[in-house]
Amino acid sequence: MQGTLERKKPIFTSILTVTCFALFLLLQLDTTSLGTAESYSRLGAPYATQIYQGQFWGVITNSLLHINYYHLIINIIGLWTLGAFIERRVGLINFILLGLYASMVTSIAQLTLSDDAGIGLTGVNYFFVAYIFIKSAKDNRFELRAKYMYLIVAITGIITAYYLNSIKSYNIGIAAMVSGMFFGIITAITTFNTKKSTPVIFALVLLICSSITLLYAPWSAEWNYFKGYSAHEKGNYAEAKLYYKEAITIDPTNTASFDNLKLISIDEISDAALKAHKNKEYLRARKFYQRVLKLDPNNQWAKQNMAKLP
């Protein structure tokens with residue numbers, strides 16, 4: 001039976017590999033914005049605000065993009081060592097479902113905990129190594145040679161990532177790694193049950209619970225920014241300011257919230273200036289125009305209107 005399993009071709013693993021290499025090549029050809037959030041977004045890895053705005057597919061497709069050659073090669077090696085191993089044992093359809101689930105839950109965890117859905121297959125590979133390790137306890141088909149070595153490498157990777165993030169200011173997706181191992185363990189344990197419906201129901205419950213954070217995540221600076229931006233577009237300035245200020249409280253480096261708060265202030269002062277001007281309260285109008293120009297020295301509207309004052 002083991003020989004039969006090994007002869008099965010890892011079709012989905014092959015498709016994923018080709019897709020990852022193709023997307024990486026396209027990314028390198030994008031010379032106008034290489035390495036920017038826009039370039040990744042165009043190829044299927046939307047940034048946090050875009051995901052909150054409704055581009056939810058990003059929690060799946062972001063796993064297919066990689067930052068550099070090292071990132072790509074390491075993850076492809078992991079995919080063929082772990083992913084192909086699982087695909088030969090669970091079959092094509094089950095492996096596709098497992099891979100999609102792993103990508104979603106690890107990306108959502110990364111987004112929820114860090115305001116960044118992350119990029120690459122790292123979280124998925126961590127899911128696979130934990131899944132194999134637990135499954136091998138009761139299913140000889142999943143007995144992977146040197147499995148403890150893979151586990152040690154995975155744990156070392158998390159520790160190294162933590163060090164690089166803390167000391168060297170890297171941005172490695174630790175949340176995706178840790179959640180990958182957690183969900184991989186939970187998924188493997190639930191499949192020990194003889195009822196086939198059990199792991200499916202459990203996976204759906206976990207996925208639905210985690211997906212709620214895509215719609216409601218008040219602890220997230222990016223979510224608050226998105227809510228503020230939505231209110232801002234509708235002209236609900238008071239509501240927008242509350243969300244922008246909350247985003248800044250959570251993340252003082254959130255420059256977009258600072259900039260949009262400034263825009264709201266300019267809009268509010270401009271409205272007051274125009275009202276005073278129409279009511280012939282020229283002194284008040286001048287003061288308002290001056291406040292607008294203090295916030296935006298190049299504001300031509302304020303300059304032109306102030307020049308019309310008597």
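Every residue in the stretch 264-287 that is surrounded by 15 or more Cβ atoms within 10 Å (Cβ to Cβ) and within 19 Å of Gly235 (Cβ to Cβ), please.
Ile264, Ser265, Ile266, Glu268, Ile269, Ser270, Ala272, Ala273, Leu274
Looking at the stretch 233-254, which of the residues that are buried (at least 21 other Cβ atoms within 10 Å of the Cβ) and among the aromatic types (Phe, Trp, Tyr) is farthest from Leu293 (Cα to Cα)?
Only one residue fits best here, namely Tyr243.
Quick check on this structure: which one of Thr19, Thr49, Thr61, Thr31 is of a type in the set (Ser, Thr, Tyr), more than 21 Å from Thr122 (Cβ to Cβ) and part of a helix (DSSP H, G or I)?
Answer to the selection: Thr49.
So which of Ser210, Ser230 ends up being surrounded by 14 or more Cβ atoms within 10 Å (Cβ to Cβ) and either of a type in the set (Val, Ile, Thr) or in the same structural domain as Ala109 (by TED's automatic domain parsing) (or both)?
Only one candidate qualifies: Ser210.
Pick out the one residue from Val178, Val200, Val205 that is closer than 17 Å to Ala102 by Cβ, assigned by TED's automatic domain parsing to the domain that holds Ala109 and under 20 Å from the mean Cα position of the chain (by Cα).
Every option except Val178 fails the conditions.
The rows are residues; the columns are (1) of a type in the set (Phe, Trp, Tyr); (2) under 30 Å from Ala176 (Cβ atoms); (3) modelled with pLDDT under 95.
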residue	(1), (2), (3)
Ser210	no, yes, yes
Ser220	no, yes, yes
Asp259	no, yes, yes
Phe288	yes, no, yes
Met306	no, no, yes
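Looking only at the stretch 166-185, which residues are surrounded by 19 or more Cβ atoms within 10 Å (Cβ to Cβ) and of a type in the set (Val, Ile, Thr)?
Across the stretch 166-185, the qualifying residues are Ile172, Ile174, Val178.
Please tell me if Ser257 is buried (at least 18 other Cβ atoms within 10 Å of the Cβ) and touching a Lys or Arg at 6+ places or on another chain (Cβ under 9 Å).
yes
Specify which of the listed residues (Tyr148, Tyr163, Tyr131) is outside the structural domain of Ala247 (by TED's automatic domain parsing), more than 19 Å from Gly58 (Cβ to Cβ), surrounded by 23 or more Cβ atoms within 10 Å (Cβ to Cβ) and more than 17 Å from the chain's Cα centre (by Cα).
Tyr131
The values are calculated or read from the model by the stated rules, or taken from the named source; none is laboratory data. Note that the structure is a prediction, hence the values are computed from the model and not measured. Because the Cβ atoms are built from the backbone with ideal geometry, glycine has one as well, and the counts that use them run over all protein chains shown.
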